[in-house]
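See below for the structure under consideration.
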Amino acid sequence: MRAKIIAISLFFTLLSPANAQQIVRVGGYDFPPFVDKRTGSTSLTFDLIAALNAFQKKYHFEFVDTSSKRRFINFDERRYDLIFFEAIDWGWQGRAVEASDVIMHGGTVYVTRADKHKDQRYFDDLKGKTIWGILGYHYGFANFNSDYEYLKKTFNAHMTTSQDGLIEAAVSGRADISVVVREYLQIYLIKHPEVQNKILVSKKFDAVNQYTILVRKGVSPDVAELNRILMEMENAGILKKLWGKYNLK
């Protein structure tokens, strides 16, 4: 009888919150290839969450959907505590966040319809050109000011909602210049090689992105612990395999 009581006690101890995995909520918005909300698409953020959950058992990471415009509001509402592939200078200044070590380098580039009269000098001066971007994104040409009215008035900018739309606008000539995430453009051109000769891509960056994970101050895992986990995953070859799936480095 005593053994049975001990067994039951142990069973409920194992079910207690102290022994359960801690839920960690990760915010994300449509930002291919990191978060791609199209049906049938893959997303690097989802794959990284799955890899983190498989690699360790202390935390269980879960995705929380937001948007590029609402991500700050949802963070302030404490709907999530981490956001992957983000940078502090994308509007996070003044909030209680810390950045992990850089997990990937990338950036945004300029794309225009190919023309025999165009070369790299076409991207030197944006004045008088129609520029397309994504609503809520932060761009170097605008000093990372994402306010739509400012972009429209100052740069004759048109804001849309998809990277594909940006590329298609450049190909058709509706956009003089589209500002596209380089990491997504690489994947797009592999899938659509016929577009390669229809566009001219800038050799210079609109902005060089150092992608990090932003972590709310005072939560677990903190930046130091997250950096340690990521380093262990890097040493095990897990991150390299993940990046390779998307032809990224």
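The values are calculated or read from the model by the stated rules, or taken from the named source; none is laboratory data. Everything numeric in this text was worked out from a predicted model, so none of it was measured. Note that each Cβ is placed from the backbone with ideal geometry, even for glycine, and that neighbours are counted across all protein chains shown.
In the range 76-92, the residues that are farther than 21 Å from Pro33 by Cβ form Cβ pairs under 6 Å with partners that are among the β-branched types (Val, Ile, Thr) and part of a loop (DSSP other than H, G, I, E, B), at six or more places apart or across chains, as follows: Asp81/Val219.
Of note, Thr66 does not satisfy the criterion of being modelled with pLDDT under 95 and of a type in the set (Val, Ile, Thr). Would you be able to say whether some residue in the range 66-77 is on the phi > 0 side of the Ramachandran plot and of a type outside the set (Asp, Glu)? For the range 66-77, residues on the phi > 0 side of the Ramachandran plot and of a type outside the set (Asp, Glu): absent. Under the condition of being buried (at least 17 other Cβ atoms within 10 Å of the Cβ) and in contact with a strand residue (DSSP E or B) (Cβ under 9 Å, 6 or more places away or on another chain), the residues counted in the range 195-215 number 12. Among residues of the range 139-162 that are in contact (Cβ under 8 Å) with a residue 60 or more places away in the chain, those with a Cβ under 7 angstrom from a residue that is of a type outside the set (Lys, Arg) and assigned to a helix (DSSP H, G or I), sequence gap 6+ or separate chain, pair up as Phe141/Phe155. Given the criteria under 14 Å from the mean Cα position of the chain (by Cα) and modelled with pLDDT of 95 or more, does Val111 qualify? When the stated conditions are applied, Val111 does not pass them.
Residues satisfying the criterion are absent from the range 190-204 (criterion: of a type in the set (A, V, I, L, M), more than 24 Å from Lys37 (Cα to Cα) and free of Cβ contacts under 8 Å to residues at least 60 places away in the same chain). Restricting Ala207, Ala175 to residues that are out of contact with any Lys or Arg (no Cβ under 7 Å at 6 or more places or on another chain), touching a residue at least 40 places away in the same chain (Cβ under 8 Å) and in a strand (DSSP E or B) narrows the list to Ala207.
Within the range 48-85, being crowded, with 17+ Cβ neighbours inside 10 Å, over 17 Å from Ala99 (Cα atoms) and among the charged types (D, E, K, R) holds for no residue. Restricting the search to strands (runs of 3 or more DSSP E) fully inside the range 37-155 and requiring at least 2 residues that are within 24 Å of Ser220 (Cβ to Cβ) gives 59-65, 82-86, 97-99. Could you say whether any residue in the range 55-73 is within 22 Å of Gln163 (Cα to Cα) and in contact with a Lys or Arg (Cβ under 6 Å, 6 or more places away or on another chain)? So far as the range 55-73 goes, yes, one or more of its residues are within 22 Å of Gln163 (Cα to Cα) and in contact with a Lys or Arg (Cβ under 6 Å, 6 or more places away or on another chain). Pairing residues of the range 111-133 that are in contact (Cβ under 8 Å) with a residue 40 or more places away in the chain with residues that are exposed (fewer than 10 other Cβ atoms within 10 Å of the Cβ) and assigned to a helix (DSSP H, G or I), at Cβ distances under 7 Å and at least 6 apart in sequence or on separate chains, gives Ala114/Asn197. Every condition in (1) hydroxyl-bearing (Ser, Thr, Tyr); (2) surrounded by fewer than 19 Cβ atoms within 10 Å (Cβ to Cβ); (3) more than 23 Å from Asn247 (Cα to Cα) holds for Tyr139 except the one numbered (2).
In the set (1) farther than 29 Å from Phe72 by Cβ; (2) at pLDDT 95 or above; (3) polar (S, T, N, Q), the condition left unmet by Gln22 is number (1).
A quick yes/no check of all residues on (1) over 16 Å from the mean Cα position of the chain (by Cα); (2) modelled with pLDDT under 95:
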{"residue": "Phe155", "(1), (2)": "yes, yes"}
{"residue": "Glu168", "(1), (2)": "yes, no"}
{"residue": "Asp176", "(1), (2)": "yes, no"}
{"residue": "Ile187", "(1), (2)": "no, yes"}
{"residue": "Glu194", "(1), (2)": "yes, no"}
{"residue": "Ile199", "(1), (2)": "yes, no"}
{"residue": "Lys203", "(1), (2)": "yes, no"}
